[in-house]
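What follows is a set of notes on a single structure, which appears directly below.
The values are calculated or read from the model by the stated rules, or taken from the named source; none is laboratory data. These figures come from a predicted structure and were not determined experimentally. We place every Cβ from the backbone using ideal geometry, glycine too, and count neighbours over all the protein chains shown.
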Amino acid sequence: MSVASSRRRQWSILIPRIVSRVFLYILLTVFAIVFLFPFYDMFIGSFMQDSDLFSSKPLLWPQGGFDITSYRQLFAELGYGRPLINTFYLAIVRTIGTLFFAALAGYAFAKRRFPGRDKLFFAMLATMMLPTQATLIPWYLLMVKVLKWSDTYWPFWIPAWASAFGIFWMRQYIAASVPDEMLEAATIDGCSAFGAFVRVVLPVVTPGLSVLGILTFVQSSNLFLGPLLLLSDPDKITAPLALANFKGTTIIAPRYSLMFAGSTLATAPLLIIFFAFQRQLISGIMSGAIKGGA
Amino acid sequence: MSDALARRPPIFRLPKPLWKQVAQHWMDYLFIAPFFLSFAVFGLYPLGWALQISFSRWRGFGPMEYVGLENYRVMLKDPYILQSLVNTLEFAYILLPTGIFIAIVFAVILNTKNLTGRGVFRTVYFLPYVTSSVIVAIVFTQLFDDTFGWINLGLKGLGLQPVRWLRGSRWAAKTVVILLTHWSGIGYNILLFLGGLQSIEPEIYEAARIDGASEWQVFWRVTLPLLQPVIFFLTIMATIGLMNMFNQPYMLTGGGPRGATETLMLRLYNLGIGGSRYGDASAFGFMIGFLVIAISLVQIRVQRRWIG
């Protein structure tokens with residue numbers, strides 16, 4: 001009798017708990033579908049013919065079978081391979097430069113002692129508040145009229161390499177993960193400041209560099225406003241710009257299958273990189289929140 | 001006598017003159033020099049130039065004609081400018097609180113103890129962050145298509161009238177821009193709040209529960225106050241980001257219908273790049289810039305008062 005009542009009491013605790021768990025999972029799953037469906041729609045739509053895309057009801061599966069005409073057309077007629085390669089070329093060079101200068105300056109700000117260090121660091125952070133709106137027009141004029149850098153990638157490399165955000169990120173990482181003793185030992189062994197950087201700092205900070213590298217690579221591959229202002233040569237444009245042009249030049253009906261195929265090709269590499277590094281990336285951003293917020 | 005003085009070991013070492021210290025650390029300055037050089041060339045110089053252009057009439061060639069505050073006066077009277085400002089602020093004050101609210105709810109859910117699959121959900125919500133906003137806009141254009149889109153199919157399934165999303169009413173188009181922005185950015189917010197939640201010591205929760213606090217009270221009295229630094233950090237960063245909103249309206253609506261989704265950045269682009277009105281656009285850029293700085297400063301001041 002007492003056993004039965006205690007069992008009943010157990011159930012009375014368990015059932016609301018199970019119900020609330022089920023409710024949570026339903027909520028999380030619905031939300032997950034909202035996030036995944038556009039990706040699915042893009043992917044499956046890239047294999048559809050216009051008769052599928054413009055049928056009376058949107059379809060979840062290509063009615064006329066998987067059709068790769070759009071992919072073939074992208075490469076054969078529209079030369080989409082070029083923008084695709086351009087995008088990753090632009091992004092890789094931008095990322096490598098950013099990592100180098102961020103690690104170097106981050107090391108100086110984190111571990112070296114020199115007059116005015118903290119004031120300079122603060123000044124660098126303050127420049128992040130400078131609104132891009134105020135400099136957009138003269139930046140454009142500087143690139144086009146003074147430096148004659150339109151249809152080159154220099155505007156996306158040189159000003160971006162020494163980025164305040166990257167330096168800040170690496171400073172925080174180096175300050176937390178490189179022990180002073182190691183640097184002192186290296187100095188005693190006769191390493192210069194740069195020698196200590198190459199032999200001691202760089203090997204230790206690879207995890208921090210890889211997170212910054214992925215963030216930079218993703219953002220560089222998705223750049224839009226800058227390329228829109230400065231790139232017009234079909235041999236120089238990047239994938240987002242090419243896709244925007246597909247949308248802009250379609251006068252009759254938007255060629256969704258073509259745009260979807262191009263989007264799938266541009267997104268796939270980023271998703272692969274993201275999945276390969278997602279654990280480091282996510283924990284990196286989460287810890288960044290604490291440092292940035294506090 | 002002077003010899004004896006010189007031979008005596010120095011007791012008080014005079015601080016070296018500054019230039020000597022600087023010279024001694026030349027390598028450190030070399031390490032940080034690239035940032036300051038590139039900021040001077042690509043940040044400060046354009047800023048000074050913009051100031052000059054903003055007081056001139058200039059179309060990119062020939063001599064600049066000094067016109068004083070004329071450009072600023074023209075910009076302040078321009079009805080399109082006012083509309084783009086109102087649009088941008090509307091987007092910001094809808095997106096900011098809802099974005100923070102939704103993100104906190106999902107971060108708290110994902111932070112539940114023993115929740116299997118937490119990592120999978122976290123990853124899925126973050127996926128749009130790595131996707132180009134141009135591509136997101138293309139997909140959303142199809143999802144919200146008047147006749148062939150999933151959203152209107154869903155509305156019809158629920159027995160509702162289909163909506164002309166992108167070329168119909170002003171609020172329909174605004175709604176699509178808002179949904180797209182949330183879809184792209186909310187995963188990042190969730191991650192920030194998850195990071196904030198995980199930095200809260202479990203002992204604080206235990207103490208609150210021992211004192212007999214209900215789950216609601218724990219959330220309002222413990223969790224939310226401890227998340228405040230993240231909320232403020234996000235508010236400041238997101239405000240700057242939203243004042244820069246360009247890609248979404250450019251791709252989705254081109255600013256339409258009837259200017260309903262034209263943001264400050266889109267207006268600036270149309271003025272300066274589309275219309276080559278460099279003087280007007282520079283003056284306009286400065287005014288937006290001051291506005292953004294002023295908003296950020298107010299936010300920082302409020303934050304100081306709030307958290308102390």
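Counting only residues that are free of Cβ contacts under 8 Å to residues at least 12 places away in the same chain, in a loop (DSSP other than H, G, I, E, B) and of a type in the set (S, T, N, Q), how many does the range B:148-183 have? The qualifying residues number 1. Residues in the range B:151-199 that are surrounded by fewer than 19 Cβ atoms within 10 Å (Cβ to Cβ), of a type in the set (S, T, N, Q) and within 14 Å of another protein chain (Cβ to nearest Cβ): B:Q198, B:S199. Of the residues making up the range B:20-69, just one is in contact with an Asp or Glu (Cβ under 9 Å, 6 or more places away or on another chain) and in a helix (DSSP H, G or I), namely B:S54. The residues in the range B:153-204 that are more than 30 Å from B:N87 (Cα to Cα), modelled with pLDDT under 90 and aliphatic (A, V, I, L, M) can be counted, and the count is 2.
I'm checking my understanding of the structure. Among residues of the range A:103-119 that are among the hydrophobic types (A, V, I, L, M, F, W, C) and within 8 Å of chain B (Cβ to nearest Cβ), which one is surrounded by the most Cβ atoms within 10 Å (Cβ to Cβ)? Here the answer is A:A105. Regarding A:T135, is this residue closer than 30 Å to A:A244 by Cβ, free of Cβ contacts under 8 Å to residues at least 12 places away in the same chain and hydroxyl-bearing (S, T, Y)? Spelling it out, A:T135 is indeed closer than 30 Å to A:A244 by Cβ, free of Cβ contacts under 8 Å to residues at least 12 places away in the same chain and hydroxyl-bearing (S, T, Y). Examine the range A:4-22 for a residue that is outside the structural domain of A:F260 (by TED's automatic domain parsing), over 27 Å from B:F140 (Cβ atoms) and modelled with pLDDT of 90 or more, and state whether such a residue exists. Yes, the range A:4-22 contains at least one residue that is outside the structural domain of A:F260 (by TED's automatic domain parsing), over 27 Å from B:F140 (Cβ atoms) and modelled with pLDDT of 90 or more. Scanning the range A:149-171 for residues that are more than 14 Å from chain B (Cβ to nearest Cβ) and either hydroxyl-bearing (S, T, Y) or surrounded by 17 or more Cβ atoms within 10 Å (Cβ to Cβ) (or both) gives A:T152, A:Y153.
Do we have B:N87 as at positive phi and of a type in the set (S, T, N, Q) here?
In short, no.
Meeting the requirement of 3 or more residues that are within 11 Å of another protein chain (Cβ to nearest Cβ), the helices (runs of 4 or more DSSP H) wholly within the range A:1-102 are A:2-45, A:50-53. Elements of the type helices (runs of 4 or more DSSP H) sitting completely within the range B:187-253 and holding at least 1 residues that are under 17 Å from B:I100 (Cα atoms) and hydrophobic (A, V, I, L, M, F, W, C): these cover B:224-243.
Scanning the range B:71-123 for residues that are among the small types (G, A, S) and either free of Cβ contacts under 8 Å to residues at least 60 places away in the same chain or within 28 Å of B:A283 (Cβ to Cβ) (or both) yields B:S84, B:A92, B:G117, B:G119.
Residues of the range A:224-240 that are facing chain B (nearest Cβ under 9 Å), within 19 Å of A:Y140 (Cβ to Cβ) and surrounded by 21 or more Cβ atoms within 10 Å (Cβ to Cβ): A:L228, A:P240. The residues in the range B:30-59 that are over 24 Å from the mean Cα position of the chain (by Cα), facing chain A (nearest Cβ under 7 Å) and not β-branched (V, I, T) can be counted, and the count is 3. Criterion first (within 21 Å of B:L47 (Cα to Cα), away from every other protein chain (no Cβ under 11 Å), free of Cβ contacts under 8 Å to residues at least 40 places away in the same chain and in a helix (DSSP H, G or I)) does A:F122 satisfy it? Criteria met by A:F122.
Taking the range A:172-197 only, how many residues are surrounded by 13 or more Cβ atoms within 10 Å (Cβ to Cβ) and either assigned to a helix (DSSP H, G or I) or in contact (Cβ under 8 Å) with a residue 60 or more places away in the chain (or both)?
Total satisfying the criteria: 16.
Kindly check whether there is at least one residue in the range B:201-214 that is touching a residue at least 24 places away in the same chain (Cβ under 8 Å) and more than 10 Å from chain A (Cβ to nearest Cβ). No, because not a single residue in the range B:201-214 is touching a residue at least 24 places away in the same chain (Cβ under 8 Å) and more than 10 Å from chain A (Cβ to nearest Cβ). Here is the figure for the range A:143-168: residues that are among the hydroxyl-bearing types (S, T, Y), modelled with pLDDT of 95 or more and closer than 15 Å to A:I96 by Cβ total 1. B:M27 meets the stated requirement of being surrounded by fewer than 16 Cβ atoms within 10 Å (Cβ to Cβ), within 9 Å of chain A (Cβ to nearest Cβ) and farther than 30 Å from B:M245 by Cβ.
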